[in-house]
Amino acid sequence: MTTAEPEAVSEEALERYLPIIDGMIAQPFPAADFDDATGYGGPACRVRVLHASQDFWDDEYHRALNRADAEMSADLGALAAALTVRWGDPLTVDLWSYLEAGFDGKRAPELIERLSQSACSMQVWPVPDSGRWIGLTVGQHDTELPLELMAVVSRTPLPAPDAAGQD
(Lines give C-alpha, C1' and ligand atoms only; values in the text may rest on other atoms or scores of the structure.)
Protein backbone atom coordinates (compact mmCIF):
# COMPACT_ATOMS: atom_id res chain seq x y z
CA MET A 1 0.00 0.00 0.00
CA THR A 2 1.35 3.41 -0.91
CA THR A 3 0.59 6.57 0.97
CA ALA A 4 0.32 10.10 -0.32
CA GLU A 5 3.31 12.40 0.04
CA PRO A 6 3.06 14.68 3.09
CA GLU A 7 3.01 17.78 0.85
CA ALA A 8 -0.03 16.46 -1.04
CA VAL A 9 -1.78 15.55 2.20
CA SER A 10 -1.03 18.99 3.63
CA GLU A 11 -2.34 20.79 0.51
CA GLU A 12 -5.55 18.77 0.76
CA ALA A 13 -5.75 19.71 4.45
CA LEU A 14 -5.58 23.40 3.58
CA GLU A 15 -8.35 23.07 1.01
CA ARG A 16 -10.51 21.03 3.36
CA TYR A 17 -9.89 22.58 6.77
CA LEU A 18 -9.27 26.31 6.24
CA PRO A 19 -12.89 26.89 5.18
CA ILE A 20 -14.05 25.04 8.31
CA ILE A 21 -11.79 27.18 10.49
CA ASP A 22 -13.03 30.36 8.79
CA GLY A 23 -16.60 29.22 9.38
CA MET A 24 -15.86 28.56 13.05
CA ILE A 25 -14.48 32.07 13.46
CA ALA A 26 -17.51 33.65 11.79
CA GLN A 27 -20.37 31.67 13.30
CA PRO A 28 -21.95 32.54 16.63
CA PHE A 29 -21.26 30.36 19.62
CA PRO A 30 -24.07 28.01 20.63
CA ALA A 31 -26.38 29.11 23.43
CA ALA A 32 -25.90 25.83 25.32
CA ASP A 33 -23.12 23.33 25.83
CA PHE A 34 -22.89 20.54 23.27
CA ASP A 35 -20.77 17.44 22.71
CA ASP A 36 -21.23 15.44 19.52
CA ALA A 37 -19.31 13.55 16.84
CA THR A 38 -17.80 16.76 15.39
CA GLY A 39 -16.57 18.22 18.66
CA TYR A 40 -17.83 20.15 21.66
CA GLY A 41 -18.37 23.66 22.92
CA GLY A 42 -20.73 26.14 24.43
CA PRO A 43 -21.44 29.84 24.83
CA ALA A 44 -17.73 30.84 24.87
CA CYS A 45 -15.97 28.27 22.70
CA ARG A 46 -16.20 25.64 20.01
CA VAL A 47 -13.80 22.71 19.48
CA ARG A 48 -14.02 20.92 16.16
CA VAL A 49 -12.34 17.64 15.28
CA LEU A 50 -11.07 18.38 11.78
CA HIS A 51 -9.68 14.90 11.24
CA ALA A 52 -9.61 11.71 13.30
CA SER A 53 -7.36 8.79 12.47
CA GLN A 54 -8.24 5.16 12.83
CA ASP A 55 -7.99 3.62 16.29
CA PHE A 56 -4.89 1.68 17.29
CA TRP A 57 -6.21 -1.36 19.16
CA ASP A 58 -4.44 -3.80 16.81
CA ASP A 59 -1.34 -1.71 16.10
CA GLU A 60 1.19 -3.79 18.03
CA TYR A 61 4.28 -2.24 16.41
CA HIS A 62 2.84 1.30 16.19
CA ARG A 63 3.17 1.46 12.41
CA ALA A 64 -0.31 2.85 11.89
CA LEU A 65 0.16 5.26 14.78
CA ASN A 66 3.43 6.53 13.31
CA ARG A 67 1.83 7.03 9.87
CA ALA A 68 -1.16 8.82 11.40
CA ASP A 69 1.10 10.97 13.56
CA ALA A 70 3.17 12.01 10.51
CA GLU A 71 0.00 12.86 8.57
CA MET A 72 -1.53 14.84 11.44
CA SER A 73 1.75 16.68 12.04
CA ALA A 74 1.97 17.62 8.35
CA ASP A 75 -1.63 18.84 8.33
CA LEU A 76 -1.10 20.80 11.55
CA GLY A 77 2.07 22.33 10.12
CA ALA A 78 0.36 23.37 6.89
CA LEU A 79 -2.59 24.93 8.73
CA ALA A 80 -0.30 26.67 11.22
CA ALA A 81 1.77 28.10 8.36
CA ALA A 82 -1.37 29.44 6.66
CA LEU A 83 -2.66 31.04 9.88
CA THR A 84 0.80 32.49 10.60
CA VAL A 85 0.75 34.20 7.20
CA ARG A 86 -2.62 35.73 8.13
CA TRP A 87 -1.99 36.73 11.74
CA GLY A 88 1.70 36.38 12.60
CA ASP A 89 3.51 33.96 14.84
CA PRO A 90 1.34 31.92 17.21
CA LEU A 91 1.53 31.73 20.95
CA THR A 92 2.43 28.19 22.00
CA VAL A 93 0.40 27.04 24.99
CA ASP A 94 1.90 24.23 27.06
CA LEU A 95 -1.23 22.22 27.83
CA TRP A 96 0.79 19.59 29.70
CA SER A 97 1.63 22.16 32.39
CA TYR A 98 -2.10 22.72 32.95
CA LEU A 99 -2.66 18.98 33.35
CA GLU A 100 0.18 18.75 35.87
CA ALA A 101 -1.16 21.77 37.78
CA GLY A 102 -4.53 20.02 37.95
CA PHE A 103 -2.87 17.12 39.75
CA ASP A 104 -1.89 19.65 42.43
CA GLY A 105 -5.47 20.89 42.73
CA LYS A 106 -5.09 24.03 40.61
CA ARG A 107 -8.01 24.70 38.28
CA ALA A 108 -7.56 25.86 34.72
CA PRO A 109 -10.33 27.33 32.57
CA GLU A 110 -12.64 24.46 31.59
CA LEU A 111 -11.69 24.59 27.90
CA ILE A 112 -7.95 24.45 28.62
CA GLU A 113 -8.43 21.74 31.23
CA ARG A 114 -10.36 19.56 28.78
CA LEU A 115 -7.85 20.08 25.98
CA SER A 116 -4.97 19.27 28.34
CA GLN A 117 -6.43 15.80 28.86
CA SER A 118 -5.66 14.84 25.26
CA ALA A 119 -3.01 17.23 23.90
CA CYS A 120 0.39 18.44 25.10
CA SER A 121 0.50 21.83 23.39
CA MET A 122 -1.60 24.14 21.26
CA GLN A 123 -0.72 26.93 18.84
CA VAL A 124 -2.93 30.00 19.33
CA TRP A 125 -3.55 33.15 17.26
CA PRO A 126 -5.68 36.12 18.30
CA VAL A 127 -8.09 36.87 15.46
CA PRO A 128 -7.96 40.64 14.84
CA ASP A 129 -11.13 42.67 15.28
CA SER A 130 -13.18 39.66 16.40
CA GLY A 131 -12.63 39.28 20.14
CA ARG A 132 -11.77 35.65 19.46
CA TRP A 133 -8.75 33.42 19.24
CA ILE A 134 -8.13 30.29 17.20
CA GLY A 135 -6.07 27.33 18.36
CA LEU A 136 -4.76 24.21 16.62
CA THR A 137 -3.64 21.00 18.28
CA VAL A 138 -3.35 17.26 17.82
CA GLY A 139 -4.52 15.12 20.69
CA GLN A 140 -5.24 11.55 21.67
CA HIS A 141 -7.38 10.53 24.64
CA ASP A 142 -5.66 7.16 25.12
CA THR A 143 -2.98 5.15 23.30
CA GLU A 144 -5.48 2.89 21.54
CA LEU A 145 -7.83 5.69 20.51
CA PRO A 146 -7.62 7.83 17.34
CA LEU A 147 -5.39 10.86 16.99
CA GLU A 148 -7.47 14.00 16.45
CA LEU A 149 -6.54 17.19 14.65
CA MET A 150 -8.59 19.86 16.42
CA ALA A 151 -9.40 23.51 15.84
CA VAL A 152 -10.51 25.64 18.77
CA VAL A 153 -12.26 29.00 18.60
CA SER A 154 -12.97 30.91 21.79
CA ARG A 155 -13.86 34.34 23.03
CA THR A 156 -12.33 33.71 26.45
CA PRO A 157 -9.08 35.48 27.29
CA LEU A 158 -6.03 34.05 25.55
CA PRO A 159 -4.59 31.20 27.61
CA ALA A 160 -1.24 31.77 29.30
CA PRO A 161 1.67 29.90 27.71
CA ASP A 162 1.81 27.59 30.74
CA ALA A 163 0.01 26.95 34.01
CA ALA A 164 2.55 29.06 35.94
CA GLY A 165 1.12 32.08 34.13
CA GLN A 166 -2.33 31.42 35.59
CA ASP A 167 -3.26 33.15 38.85
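Among the helices of the chain, those built from whole DSSP H runs whose Cα atoms reach 27 Å or more along their own axis and whose mean Kyte-Doolittle hydropathy is at least -1.0 are 6-26, 63-87. Rolling a 1.4 Å probe over the protein chains gives SER121 an accessible area of about 60 Å². Rolling a 1.4 Å probe over the protein heavy atoms gives the stretch 1-144 an accessible area of 57 Å² per residue. Near GLU100: Cβ cut-off under 15 Å, other residues only, Lys/Arg at +1 and Asp/Glu at -1. The net charge is -2. Separation of the stretch 119-140 from the stretch 11-49 is 12 Å, based on Cα centroids. Measuring only protein heavy atoms, the 1.4 Å probe finds TYR40 accessible over about 30 Å². Per-residue accessible area (protein heavy atoms, 1.4 Å probe) orders CYS45, CYS120 as CYS120, CYS45, starting from the largest. Residue order by solvent-accessible surface for PHE56, PHE34 is PHE34, PHE56, largest first, with ligands and nucleic acids left out and a 1.4 Å probe.
Helical runs assigned H by DSSP (4 residues or longer) give the chain a calculated mean residue ellipticity at 222 nm of -12000 deg cm²/dmol, each run adding -39500 (n - 2.57) before division by the residue total. Counting only protein chain heavy atoms and rolling a 1.4 Å probe, the accessible areas of VAL138, VAL85 rank, largest first, as VAL85, VAL138.
The values are calculated or read from the model by the stated rules, or taken from the named source; none is laboratory data. Everything quoted here is computed from the prediction, not taken from an experiment. Positions of Cβ are backbone-derived with ideal geometry, glycine not excepted, and every protein chain shown enters the neighbour counts. Accessible surface areas use protein heavy atoms only, side chains included; no ligands, DNA or RNA. Shrake-Rupley method; radii C 1.70, N 1.55, O 1.52, S 1.80 Å.
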